[in-house]
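So the structure is just underneath, and the comments pick up after that.
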Amino acid sequence: MNFSPFFLSAELGLITTIVLFVMVIPMVYGIHFFSGKWAPIWKALASLPLILPPTVLGYYLLIALRPDGWVAQLTGLELAFSFEGLVVGSALYSLPFMLTPILTAIENLPDSYEEAAFTLGKNRWQTYTRVLLPCVKPSLLAASVLTFAHTIGEFGVILMIGGNIPDETRVASIAIYHEVEALHYATADRYALILLGFSLVVLLGVYGKRLN
Amino acid sequence: MFLKTFLICIVCVFIAISCEKKPTIRVALAASLLPPMEEIAQRFEAETGHQVDLIPAASGVLSTQILSGAPYDIFLSANKIYPDALRQAQKGIEAPKLLIRGKLAFWSADPIEPETIPSFLQTHKGRIAIADTSLAPYGVASVHYLRTQGLLDTLRGQLVFGENISQTNLMIASDAVTVGFSASSALFHPSLKDHGHWQVIEGQVVPQWALLLTATSSSKSFWTYLFSPQAKKVFEKFGYVEENDRMSG
């Protein structure tokens, strides 16, 4: 029994959640305050990763990230078949799960919160970070949990751009698939049980923690 | 506090994992070859100290990944179109080489005499699991067998298709079907051999192809080992044959 897939999954889930959180906070700010009538377009674009089947999304990511692909030519980074590549793929794949709950929560706050902050001389960024975001803390938490869980359960994208390489891109979901392919059904069952147990503990921990 | 300890543990383990990394031979292979290849890889590791990683997936997925620069050293496929296509795309050191031949296997939940398989199928009412018939060679062999027995038209509506042979094996292992066709390698696998009843169907062979992708000394040594008498012995143990009647293959 090799536990490295679980550590890889936990690490991937954690890093992806942090990266997406940091990315999405300014994105929501931009969409909420500056997009005006263009807002539906941004929202629609951000939901697109949900449309393509994961393996298909993975295929196009592979084309983009491969050594002679446009990402490598633009940045010089070879991301396909590496852990870093998985983070990029997961961030794109899980983007709607981070963005949508936060944006929806911000939009549902009464306008009077913003108006009051503006009247008191706060600018948009101050209003956003000091008034609006603190009001939607539960949604921030929910979005992070969804992103983490979605990344842990991710399969098609990772199989395509990661290539099932032990200790590097063989995360827990891929390891389960690998054991089934190898006809090691008992090991696959154990892996699946550990993955579910681990995820349950993490989710309970997060949901059980009371927000101040 | 707990979270911090947990994070530190994750980081430590990850560092430990990255440090012990030594040059490994990565073999991308069709799922049907996994049972014998696991044993061959283990023997090679014991003999040489090299590490062999086996990476099973659908041949089409593996080919796409190899074309995109996947770090695989050797590619094994039961369908020659994939190694041929890779070779044409300037991947691979030499032309694809015939590794070994696999056989088609018949599985049933109830015991059946080998010679009565056709008549049993004639009256069988339930689903029959086979591998995909457009891409998976064992699926092609299964359909070829049914056609030569004159059963294909009768049974066409009862066939259920696994994307590859391991999905077909999964249908068999989970008793989702009572009859199925698979690779003979399944007969010798601990998870499947004692499950229901297996027979090898003679006359249906599936050639397995190997393509060398990198010319490093470690990948070359495993390549040589793959074609050695020791490896042949393991393949034979899993129901593969080196030579077959000259009509096929």
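Residues considered: A:33, A:83. Of these, the only one that is under 21 Å from residue A:103 (Cβ atoms) and either of a type in the set (A, V, I, L, M, F, W, C) or crowded, with 17+ Cβ neighbours inside 10 Å (or both) is A:33. Checked against (1) of a type in the set (Ser, Thr, Tyr); (2) under 24 Å from residue B:39 (Cα atoms); (3) touching a residue at least 40 places away in the same chain (Cβ under 8 Å), residue B:191 passes all but a single condition, namely (3). Residue check: residue A:97 meets all listed conditions (1) away from chain B (no Cβ under 14 Å); (2) surrounded by fewer than 19 Cβ atoms within 10 Å (Cβ to Cβ) but one, namely (2). Under the condition of being small (Gly, Ala, Ser) and either more than 13 Å from every other protein chain (Cβ to nearest Cβ) or over 23 Å from residue A:5 (Cα atoms) (or both), the residues counted in the range A:53-88 number 4.
No other residue among A:195, A:141, A:183 is outside any helix (DSSP H, G or I) and at pLDDT below 95 apart from A:183. The set of residues from the range A:73-87 being touching a helix residue (DSSP H, G or I) at 6+ places or on another chain (Cβ under 7 Å) and assigned to a helix (DSSP H, G or I) comprises A:85, A:86, A:87. The set of residues in the range B:76-102 being in a loop (DSSP other than H, G, I, E, B), of a type in the set (S, T, N, Q) and in contact (Cβ under 8 Å) with a residue 60 or more places away in the chain consists of B:79 alone.
Consider residue A:151 carefully, then state whether it is part of a helix (DSSP H, G or I), modelled with pLDDT of 95 or more and either acidic (Asp, Glu) or closer than 22 Å to residue A:198 by Cα (or both). Spelling it out, residue A:151 is indeed part of a helix (DSSP H, G or I), modelled with pLDDT of 95 or more and either acidic (Asp, Glu) or closer than 22 Å to residue A:198 by Cα (or both). Taking the range A:178-210 as the range and being touching a Pro at 6+ places or on another chain (Cβ under 9 Å) and within 12 Å of chain B (Cβ to nearest Cβ) as the test, the residues that pass are A:178, A:181, A:182, A:183, A:184.
The number of residues in the range B:33-57 that are facing another protein chain (nearest Cβ under 10 Å) and either touching a helix residue (DSSP H, G or I) at 6+ places or on another chain (Cβ under 9 Å) or more than 23 Å from residue A:155 (Cβ to Cβ) (or both) comes to 9. Of the residues making up the range A:108-132, those that are loosely packed, with under 14 Cβ neighbours inside 10 Å and acidic (Asp, Glu) are A:111, A:115.
Of all the numbered requirements in (1) of a type in the set (S, T, N, Q); (2) out of contact with any helix residue (DSSP H, G or I) (no Cβ under 8 Å at 6 or more places or on another chain); (3) away from chain A (no Cβ under 14 Å), residue B:133 misses one, and that requirement is (2).
The values are calculated or read from the model by the stated rules, or taken from the named source; none is laboratory data. A quick note: this is a predicted structure, and the numbers were derived from the prediction, not measured. Cβ atoms come from the backbone with ideal geometry, glycine included; neighbour counts cover every protein chain shown.
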